[in-house]
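> Okay, here's the structure, questions in a sec.
The values are calculated or read from the model by the stated rules, or taken from the named source; none is laboratory data. Nothing here was measured: the structure is a model prediction, and the numbers come from that model. Positions of Cβ are backbone-derived with ideal geometry, glycine not excepted, and every protein chain shown enters the neighbour counts.
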Amino acid sequence: MGRVLVWLITAISLFTLSLRPAMSEPKHAIAMQGEPALPPDYTHFDYVNPDAPKGGNITYCVVGSFDNLNPFILKSLRTTARGMMDLTYGNLVFEPLMQRNYDEAFSLYGLLADSADMDSERKSIEFHLNPNAKWSDGEPVTPEDVLFTYDVFTDKGRPPYNARMSLIAKLEKTGDHSVRFTFNDKANRETPMIIALTPILPKHAFDKETFDKTTLKPLIGSGPYTIAQVAPGQRIVFKRNPDYWGKDVPAKRGFDNYDQITIEYFLNANAKLEAFKKGLCAIDDDGDPVKRERDLDFPAFHRGDVVSETFDTGIPPVVTGFLFNTRLPKFSNPVVRRALGMLYDFEWANKNLFGGKYTRTMSYWQNSELSALGHPADDREKALLAPYPGRVPPDVMDGTWKPPVTDGSGQDRKVLKTAFDLLKSIGYHVQDGTMLDPDGKPFAFEILTASQDEERLAGIYQRTLEKIGINVSIRSLDGDQIQSRKQRFDFEALIGSSGFNNSLSPGFEQLGRWSSEAAKAEGSFNLAGVADPAVDAAIDAMLRARSKEDYVAAVRVLDRLLISGNYMVPMQYNTQQWLAYWNYLEHPKKTPIFGYQLPTWWRKPN
């Protein structure tokens, strides 16, 4: 009897263990798909110079203003000082648990956490904090800091940080240097990656009660720089922390090479350009190839003191175009938006403004296997779209869709007539030269612009729309004004983009750009107000995909839905990145697939 009881208890224990997700050994890196490219004994990322000289200073220049140093709160969401946690200039003050390798689609390597232990089903992940990790005031980074971060983000943080706790069933300290996240049914396979990329805050240096208030008081972080000087709206100066704990971490070797980084703010692009010509700004990144050739006609460039260079990238271009606020009745009908989408004369703009150097944007993941262009919908895609019949037109389903091509004259009557007939089919008509909606009201709208370049593009669109009786007005606003309007969704149309960057591994960020929930959340990046159950389902399928085939199918479905929804009038792109910079700067020889990485550059020793 005793042996039977022991056998039974053992069997029950083994069965219970079998129900738990299998945990792996702690790993130095994690990947969204497959395995990380670099081995545990890697010494640095391939696109850095691990022996880059340290020293000197650099000044970056931006257009806009700032009145806040806390990048994690809703107030002044888009007027927070650059550099605190920054995709372009680097995470100078705040850091995440793991660091992204920008030469892989989506892999993360140890930083504040030197390793991670993730179960095979991705239902939980345990981070092992680097015992050497310290805040800039010398205090150690602890599991309590991770717990505090999620507590304060949930109660006081801005999107997307404030929603992350809703994906977590349990967050617990599991040791002196470890913390485990256990996820609920709302989470998906990307959730552990998002958790690993979430910046961590020092519990001892923040007051939860006042966390959501703007501040210009220098903040404590774990990053390589501290805040040395703040001139509100004008300048922020960062100085290298000589005691930075992570300088020898493999994921940080070759980064953070300046002793001082200054970010100067300017009211407009012209003022910034003049500052660059005078040597105040180290870098100029104008995206207009015709304008930049003209702007480079100054003595320092002709002397060779300023260098012009292009960098190839391997990621889909960011989609930029005229974006409609579909929360408004005038833009709620996708047929109206489809007609408006026909009326951007790319061929004229490319010839007359861009020297023929641009390509028309047609897909949200153009030039990649994730794009719907050239790929007929397979059975996986058809199954995902089956509950939503009629959402995607046949030409988008079979991958043959293209926007109208004009004759480049700026007055192609064929395209104008096609758009006019489409509006006419749903009750629009012209009376005394004015387009009237089905209720007999004039169809007119306002485009907000934030620069002279945007105003010029809006003018092209305005002239075309006027030819069929649509009255478009253009309003130019400064950086603060337009960001405030965006945050409140207080606009009719503007020149916007599908995100700050694009990726070969789209994921959780797509919720913030296109989901129904984000459409209602003030401060979200779903400026167009996309609220479509089919789009929500495609994003969900993408996030839950276990195989590459399922993942690609889900992203292509999302691409087809966004194309079909006509939420934006995509304009043009050039896959190359361009920079002009003063020749005292140098950069690594290799450019990763995500393009140049300014935090890996350095100043030539004197």
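> Residues that are within 25 Å of Asn57 (Cβ to Cβ), assigned to a loop (DSSP other than H, G, I, E, B) and of a type in the set (Ser, Thr, Tyr): does segment 191-205 have at least one?
No, that holds for no residue.
> Got a number for residues in segment 578-606 being in contact with a Ser or Thr (Cβ under 6 Å, 6 or more places away or on another chain) and assigned to a strand (DSSP E or B)?
Result for segment 578-606: 2.
> Looking at segment 182-190, is at least one residue part of a loop (DSSP other than H, G, I, E, B), more than 30 Å from Ile315 (Cα to Cα) and either among the basic types (Lys, Arg) or without any contact (Cβ under 8 Å) to a residue 12 or more places away in the chain (or both)?
Scanning segment 182-190, I find at least one residue that is part of a loop (DSSP other than H, G, I, E, B), more than 30 Å from Ile315 (Cα to Cα) and either among the basic types (Lys, Arg) or without any contact (Cβ under 8 Å) to a residue 12 or more places away in the chain (or both), so the answer is yes.
> For segment 196-221, give me each residue that is within 14 Å of Gly157 (Cβ to Cβ) and among the hydrophobic types (A, V, I, L, M, F, W, C).
Ile200, Leu201, Phe206, Phe211
> Within the set of pairs 6+ apart or on separate chains, which have a first residue in segment 367-381 that is within 15 Å of Val392 (Cβ to Cβ) and in the same structural domain as Ser564 (by TED's automatic domain parsing), a second that is of a type in the set (Gly, Ala, Ser) and buried (at least 20 other Cβ atoms within 10 Å of the Cβ), and C-beta atoms under 7 Å apart?
If the second residue must be of a type in the set (Gly, Ala, Ser) and buried (at least 20 other Cβ atoms within 10 Å of the Cβ), the pairs left are Ser371/Ser363; Ala372/Ser363; Leu373/Ser363; Asp378/Ala553; Arg380/Ala553; Glu381/Ala553.
> Count, please, the residues in segment 181-193 that happen to be out of contact with any helix residue (DSSP H, G or I) (no Cβ under 7 Å at 6 or more places or on another chain) and either assigned by TED's automatic domain parsing to the domain that holds Ile539 or surrounded by fewer than 19 Cβ atoms within 10 Å (Cβ to Cβ) (or both).
Total meeting the criteria: 2.
> I'd like to check something: does segment 95-109 contain any residue that is assigned to a strand (DSSP E or B) and touching a His at 6+ places or on another chain (Cβ under 9 Å)?
Yes, some residue in segment 95-109 is assigned to a strand (DSSP E or B) and touching a His at 6+ places or on another chain (Cβ under 9 Å).
> Look through Asp453, Asp412 and report the one residue that is assigned by TED's automatic domain parsing to the domain that holds Lys351, closer than 30 Å to Ala269 by Cβ, modelled with pLDDT under 95 and surrounded by 14 or more Cβ atoms within 10 Å (Cβ to Cβ).
On inspection, the qualifying residue turns out to be Asp453.
> Is it the case that some residue within segment 585-598 is out of contact with any strand residue (DSSP E or B) (no Cβ under 7 Å at 6 or more places or on another chain), among the small types (Gly, Ala, Ser) and in contact (Cβ under 8 Å) with a residue 12 or more places away in the chain?
No, there is no match, as no residue in segment 585-598 is out of contact with any strand residue (DSSP E or B) (no Cβ under 7 Å at 6 or more places or on another chain), among the small types (Gly, Ala, Ser) and in contact (Cβ under 8 Å) with a residue 12 or more places away in the chain.
> Examine segment 218-233 for a residue that is part of a loop (DSSP other than H, G, I, E, B), under 28 Å from Leu147 (Cα atoms), within 24 Å of the chain's Cα centre (by Cα) and among the β-branched types (Val, Ile, Thr), and state whether such a residue exists.
no
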